[in-house]
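Participant: Mind looking over this structure? Questions follow.
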Amino acid sequence: MSQELLRSLVWTDYRLAVLFAVLLPLVLLLWATVKRKEAMQRLLIIYWRVASLLAITVYLMIGNLPIAFLTGFLARVLIPTGLWFWTDINEEIDDQMDSLLKLCLTAWRWAVSVYCGLGAIATLPFLRCAFDRGIYETPFCQVWREAPLIYQDVLHANYTSGFLAFWGIVGVIIYTLYFAYFVVVRLGREGRSALDQ
C-alpha cells in the first residue's frame with residue numbers, strides 16, 4: 001500500500017472517529033437529557049467512560065508513545081462491548097415507545113459498533129507498532145501521529161508533547177485501575193446490570 005493511500009485512510013478514520021465517537025454521542029446525550037430518557041442517558045454516560053480511552057490514545061500519540069497503538073485497538077473493542085453489554089439498559093430502551101430519539105440512538109449504536117469492529121480489524125497490522133521500536137519510527141506507524149499533532153497545535157499549543165504524554169499515562173493508569181475494579185468487583189457483584197453505573 002502506498003504511503004499516500006495509507007495517509008488518506010488514516011485521516012478518513014480520524015474524521016469518522018470525530019463523527020461517530022464524539023459528535024453524534026454528544027448530540028444524543030444532550031437530546032436524551034432534554035427528553036429525560038434515563039436509560040439512554042445512563043448508556044451514553046457509560047459510553048463516554050469507555051470511549052475516554054480514545055482521548056487517552058490521542059495524548060499518548062502526541063507524546064510519541066508506542067502504547068497508543070494498543071490503547072487505540074482496545075478502545076475499538078471495548079466501545080461496542082460497553083454499548084451492548086447491559087441487559088437492564090437494553091431492555092429499558094427496547095420497552096420505550098418508538099420515537100425519533102430511540103431510532104437515532106439504535107442506529108448510532110449499530111453504526112459505531114460496525115465502525116469500531118471494522119476499525120479493530122483494520123488496525124491489527126499496526127499493533128506491531130506498539131511492540132517493535134524499529135518499525136515504530138517508520139512512516140507506516142508515524143502517519144497515525146499526524147492528526148493528534150495537529151490537535152495539539154490547535155488546542156494545546158502552549159504545552160509540550162512530554163507534558164501531554166504525562167497526562168496520557170496518568171489517564172491509562174486511572175482507566176486501568178477503574179477497569180480492573182469493574183472486572184474484579186462490580187462484574188461479580190452486579191453482573192450485566194448498570195443500575196449504579
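Participant: I need the full set of residues from region 68-88 which are among the β-branched types (Val, Ile, Thr) and either in contact with a Pro (Cβ under 9 Å, 6 or more places away or on another chain) or more than 21 Å from LEU54 (Cβ to Cβ) (or both), in order please.
Facilitator: Step one: filter region 68-88 for residues among the β-branched types (Val, Ile, Thr), giving 71, 77, 79, 81, 87.
The answer is THR87, and nothing else.
Participant: Free of Cβ contacts under 8 Å to residues at least 12 places away in the same chain, more than 26 Å from ARG145 (Cα to Cα) and either surrounded by fewer than 17 Cβ atoms within 10 Å (Cβ to Cβ) or of a type in the set (A, V, I, L, M, F, W, C) (or both): which single residue out of ASP98, ASP88 fits that description? Quick ask: steps written out before the conclusion?
Facilitator: Numbers: ASP88 fails: free of Cβ contacts under 8 Å to residues at least 12 places away in the same chain.
That would be ASP98, the only listed residue that is free of Cβ contacts under 8 Å to residues at least 12 places away in the same chain, more than 26 Å from ARG145 (Cα to Cα) and either surrounded by fewer than 17 Cβ atoms within 10 Å (Cβ to Cβ) or of a type in the set (A, V, I, L, M, F, W, C) (or both).
Participant: How many residues are out of contact with any Lys or Arg (no Cβ under 9 Å at 6 or more places or on another chain) and surrounded by 18 or more Cβ atoms within 10 Å (Cβ to Cβ) if we restrict to region 75-85? Give the derivation first.
Facilitator: Our first condition is that a residue be out of contact with any Lys or Arg (no Cβ under 9 Å at 6 or more places or on another chain); within region 75-85, this holds for 75-79, 81.
Retained after the next criterion (residues that are surrounded by 18 or more Cβ atoms within 10 Å (Cβ to Cβ)): 75-76, 78-79.
Matching residues across region 75-85 total 4.
Participant: Given THR176, THR160, which one is without any contact (Cβ under 8 Å) to a residue 12 or more places away in the chain, under 21 Å from VAL77 (Cα atoms) and either within 21 Å of the chain's Cα centre (by Cα) or loosely packed, with under 14 Cβ neighbours inside 10 Å (or both)? So that I can check it myself, show each step before the final result.
Facilitator: On the way: THR160 fails: under 21 Å from VAL77 (Cα atoms).
Within the list THR176, THR160, the selection yields THR176.
Participant: Something else: Give region 114-155 a look and list any residue that's farther than 17 Å from PRO66 by Cα and in contact (Cβ under 8 Å) with a residue 40 or more places away in the chain, or say none.
Facilitator: First pass over region 114-155, keeping only residues farther than 17 Å from PRO66 by Cα: 114-119, 121-122, 150-155.
Of everything in region 114-155, those that are farther than 17 Å from PRO66 by Cα and in contact (Cβ under 8 Å) with a residue 40 or more places away in the chain turn out to be TYR115, CYS116, GLY117, GLY119, ALA122, TYR151, GLN152.
Participant: Considering only residues that are without any contact (Cβ under 8 Å) to a residue 40 or more places away in the chain and either crowded, with 17+ Cβ neighbours inside 10 Å or β-branched (Val, Ile, Thr) (or both), which ones fall in region 1-16?
Facilitator: THR12
Participant: Also: Evaluate the following for ILE62: is it touching a Leu at 6+ places or on another chain (Cβ under 6 Å), buried (at least 22 other Cβ atoms within 10 Å of the Cβ) and not basic (Lys, Arg)?
Facilitator: Working: touching a Leu at 6+ places or on another chain (Cβ under 6 Å): yes; buried (at least 22 other Cβ atoms within 10 Å of the Cβ): yes; not basic (Lys, Arg): yes.
When the stated conditions are applied, ILE62 passes them.
None of the figures in this text is laboratory data; all of them are computed from the coordinates on show. In this text the structure is predicted, and so the values were computed from the model without any measurement. Ideal geometry is used to build each Cβ from the backbone, glycine not excepted, and the neighbour counts take in all protein chains shown.
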